[in-house]
Each structure stands twice: as C-alpha cells, then as structure tokens.
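These notes are about the structure you will find just below.
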Amino acid sequence: MRRNPPHKKNSWDDTLSTILIALALAVVFRSFVFEPFHIPTGSMKDNLLVGDYLFVSKYSYGYSRYSFPFGLSIFEGRVLEFNKPKRGDVVVFRLPANTHIDYIKRIIGMPGDHIQLKDGIVYVNGQPLARRQKTDFTDDENKTNIRTIARFDETLPEGKTIEILKQYKEGPADNTQMYDVPPGHYFMMGDNRDNSHDSRFLEDVGYIPAENIVGHAEMIFFSTDGSAQWTDPISWFTAIRLDRIFKIIQ
C-alpha cells in the first residue's frame, strides 16, 4: 500500500503555532509575573553588583503602562495596586526623562516627605538616619584598582536597616537642598551613595512617579564577575559567583 508523505505545510503551521504560543506565554510572564533584569553599574553596591541577574516581580505594586512591552499607553496610573511601595524597597523604574531607560534604586523618600543630606547624612522629615560603621567593603570590580570603601548600616524611620557604602568624606551630593517629594512620587537613592545618579539630581532623575515603577527586585538568579573569555571555556565556570545565586534582595 502506498503511504502519503507528511504534509509539509501542516508541519510548518504546527511549528509556527508553537513558536507564537511560546512567545505569547513569555510576554504574559514578563508582563504579569517576573521580568529578568541585569545590573550594569555599581550604584547599588554592595547589595547588587555589576554582573548580577535578578528577578523583578511585576505584581508587587500592581500594574502600570510600563509593566507591558513598549510602555503602551493602555491606561493611566496603576491598577490592581493591592500593595504600595514601601521605604527601603529596591525597585526598578523608568527614568522620567527617558522612559525607555530602566533604573534600579532604593526608595528613601515617600510621597509628601522632606528629604535632605547634610554632611552625607540623610535627613527624613528633619530626623537624621542613624548609622553604624561596619567592616569595610573590598571593591574588586576593577582588578587593577582594588579599593576599600567604608560600609555602614543605616536605619530607616520604620526600623528597617540597610547597608550603604560611603567612599568619600565629601561626596558630590553630601550637602543638598531640601527635597519636597510631591504626592504620588518617590525619592530614590543608590546604596553606593557617592557613586549613584539618583533623585538627588533633579534635572536628570528627580522624583519618580508611581506610574513609572516597574516592579520590586526580589532575588538574584545568576551572577558573573565578568572575567569570562570567549577563548577560554573554563573561565565561564570560574566567573560565576556561586555565593550570590538565589540571594534574596534586602
């Protein structure tokens, strides 16, 4: 009996359908559940290092237009906002001056707060944040220029303690004006205080609208120190920072 050959068109249709379904599921997952994010700069050291890859939860604070690909203006504000951002949260947000750019910083100022820095100390509504010096941080990102940077515990008004770095006695934004955080906006700062372009620089970053927050940084799922070389396959294994994988972001 003669067998009919498989229909090539049906085979291609099935493959194309599978690809389209997979792409649709990926878009839904990234839009509503978790989105991967790569740390490109050292502004959040030593909590987040260059080469860390982390998951950002999209559902933590509900959804805005920036939860979705291309930031389509489907609606204004946020929807399904069962929880609001809290002081001390590490969040990814879209830069107001260029909403195609993602930043990651920590929330220091809430809507209506008054924030100021005096001699490097952060004042929230007139009260200084207490600091306690810890063991110095060894910054070996640049292998030819390894630096030792002062590290502190800083206690936020609600009692949460965060780790910050203070590289210079007189940093570029150690003494500032008073920042009056507008309603519906947040004041962001990097943990690496002297090496962070954040809300202290009003013209470039400034106050972040709630709508611009993409999500809450949850966990590091992969990390590499950047030393891997294409010509050395073994280096791709030695470059992995195993101690950072599955680290919860505080």
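Its Cα centre serving as origin, region 157-228 has a Cβ charge dipole (Lys and Arg +1, Asp and Glu -1) of approximately 140 debye. Taking label positions 7 Å along the Cα-Cβ direction at both Phe221 and Thr41, the computed distance is 2.5 nm, reported to one decimal. Counting only protein heavy atoms and using a 1.4 Å probe, the accessible area of His38 comes to about 80 Å². Full extension of the chain between Asp180 and Thr161 gives 4.5 nm of extra length, using 0.36 nm per residue less the Cα-Cα distance. Express in whole angstrom the spacing between the alpha-carbon centres of region 167-194 and region 199-250. Cα centroid of region 167-194 versus Cα centroid of region 199-250: 21 Å apart. Share of the chain's accessible area from carbon and sulfur, percent, 1.4 Å? Of all accessible area on the chain, carbon and sulfur atoms account for 58 percent. Each stretch of four or more DSSP H residues adds -39500 (n - 2.57); spread over every residue of the chain, this sum gives -4000 deg cm²/dmol at 222 nm.
For Lys118, the accessible surface of its heavy atoms amounts to roughly 90 Å² (probe 1.4 Å, protein chains only, rounded to the nearest 10).
What you get for the chain, charging only the Cβ of Lys and Arg (+1) and of Asp and Glu (-1), is a dipole of about 800 debye around the Cα centre. Working from label points 7 Å from Cα in the Cα-to-Cβ sense, the Glu141 to Ser235 distance is 2.0 nm. Counting only aspartates and glutamates at least 8 places from Lys160 when in the same chain, those with an alpha carbon closer than 16 Å to its own are Asp89, Asp191. Heavy-atom accessible area, probed at 1.4 angstrom with all protein chains present, ranks Ser60, Ser223 as Ser60, Ser223, highest first. Measuring against 31 Å, Cα to Cα, the residue pairs Lys105/Lys169; Lys118/Lys143; Lys45/Lys84; Lys58/Lys118; Lys84/Lys169 contain Lys118/Lys143; Lys58/Lys118; Lys84/Lys169 as the ones spanning a longer distance.
Modelled spin labels at Asp243 and Glu170, positioned 7 Å past Cα toward Cβ, are 3.6 nm from each other. For the set Tyr61, Tyr103, Tyr53, solvent exposure ranked by accessible area (probe 1.4 Å, protein chains only) runs largest to smallest as Tyr53, Tyr103, Tyr61. Shape class of the chain from the alpha-carbon gyration tensor: oblate, with a/c at 1.5 or above and b/c at least as large as a/b.
The residues Asp46, Asp191, Asp232, sorted by heavy-atom accessible surface at 1.4 Å with ligands and nucleic acids left out, run Asp232, Asp46, Asp191 from largest to smallest. Quote the Stokes-Einstein diffusion coefficient, in whole µm² s⁻¹, for region 36-183, based on the Kirkwood radius over alpha carbon pairs, a temperature of 4 °C and a viscosity of 1.567 mPa s. Calculated translational D: 74 µm²/s.
The values are calculated or read from the model by the stated rules, or taken from the named source; none is laboratory data. Worth saying up front: this structure is predicted, and the values here are computed from it rather than measured. Reconstructed Cβ throughout: ideal geometry from the backbone, glycine too, with neighbour counts over all protein chains shown. Areas reflect the complete protein model, heavy atoms only, side chains present, ligands, DNA and RNA absent. Shrake-Rupley method; radii C 1.70, N 1.55, O 1.52, S 1.80 Å.
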